[in-house]
Each structure stands twice: as C-alpha cells, then as structure tokens.
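The values are calculated or read from the model by the stated rules, or taken from the named source; none is laboratory data. The structure presented is a predicted model; accordingly, all values stated were derived computationally and were not measured. Quick reminder, even Gly has a Cβ in these numbers, built from the backbone with ideal geometry, and neighbours come from all protein chains shown.
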C-alpha cells in the first residue's frame, strides 16, 4: 500500500453546521461552489501555480471510502498538491477517485496544472454537498510546516466519474487576505 500523507481520519460536517464558527470572509471561500483555482487567481497579483507532491494508485482512507461509497480495500487514483500564489502555499489539496470510475479519464497527465482548471471546463460537471472541517491536521499539511484553519471536501461528478476533492486552506492564505479578522 502506498504511503498516505493524509493518515488521520477527520470528522467532516455539513457546511451549514460550520457556518456559525467562521467569519463571513472565510465562508465565501469555504462554501463557494465555483472553481477554487479561478478564485485563487483572482485573489492575488502573485502567479498561481501547482506543486505536485504525490500522485498514483493507493487505497482510500476510511472517510474517503465512505464519501465515495467504496469498499476501503478498493484501489483509487490519488493526487496531492499545494496550490501556490508565488512561492507561498495557500491550499493543500488531496483528490481521490475510484479506478473503476475513471473510464479513460487521464488525470495522471495533469502534471502541474490544477485539477479544477480541467474539471470546471467540462460540460455536465456536478458538485455534491460541501462538507467542512475545522482546524484539520492532515499529515500533508503538517509535513510542510503549515496549519489549516479550515478544510472542505465534496464529490464532483462528471458522467460516471466521481472525484472526491479535499482542500485545506492554509494560514498563509488567511494572513495574506485577513480572512479571520473580517
């Protein structure tokens, strides 16, 4: 089994249950249903980039298997990245998809392009409900010396392809945009 940087099994809640705990500025980011890539590009004058950390075939975490309706022993495609503004990571992201649902979709060829830049151009894309977690501490985030005040996830469906996208908003983003104080 491939090493899993997101080893903790976090507790996710529906977005509405977390809303009272966050500033209106955070809510606009965490509950948005549009492309995070597009929002990040618009939020800063720094160039947007993707730092690919890991990609390959592995097994899902238990909470990921539940979110996708999978047997925890199923094989998944997984991608872990940092979404960067200039040299600063603003978002740590982990996306997983059952191998059985990919049906010719070549996600491994994304390289340093964001998954969102491809997904949100696809006709028929559907986003499931957003779930939010407060102060997530996935190993991916802490391994890079970052803290994440909020994380969100949702299943995006494109035909028969289902992809669980998990995004962890980092302290640098909070500091640069002053999201907690608004």
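The single condition from (1) surrounded by 21 or more Cβ atoms within 10 Å (Cβ to Cβ); (2) touching a residue at least 24 places away in the same chain (Cβ under 8 Å) that residue 76 fails is (2).
Tally time: how many residues in the stretch 101-118 are part of a helix (DSSP H, G or I), loosely packed, with under 15 Cβ neighbours inside 10 Å and touching a strand residue (DSSP E or B) at 6+ places or on another chain (Cβ under 8 Å)? Walk me through how you get there before you give the answer.
Of the stretch 101-118, the ones part of a helix (DSSP H, G or I) are 101-102, 107-110, 115-118.
The next check asks that each one be loosely packed, with under 15 Cβ neighbours inside 10 Å; those that pass are 108-109.
Among the residues that remain, those that are also touching a strand residue (DSSP E or B) at 6+ places or on another chain (Cβ under 8 Å) are: 108.
Number of matching residues: 1.
For the stretch 144-176, a tally of residues being in contact with a strand residue (DSSP E or B) (Cβ under 9 Å, 6 or more places away or on another chain), at pLDDT below 85 and more than 21 Å from residue 43 (Cα to Cα) returns 1.
Taking first residues from the stretch 8-23 that are at pLDDT 90 or above and partners that are exposed (fewer than 14 other Cβ atoms within 10 Å of the Cβ), the Cβ contacts under 9 Å between residues at least 6 apart in sequence or on separate chains come to 14/129; 15/129; 23/181; 23/182. The conditions of being at pLDDT below 95 and under 17 Å from residue 52 (Cβ atoms) are met by residue 109.
Of the residues in the stretch 21-38, at least one is surrounded by 13 or more Cβ atoms within 10 Å (Cβ to Cβ), closer than 26 Å to residue 109 by Cα and out of contact with any helix residue (DSSP H, G or I) (no Cβ under 7 Å at 6 or more places or on another chain).
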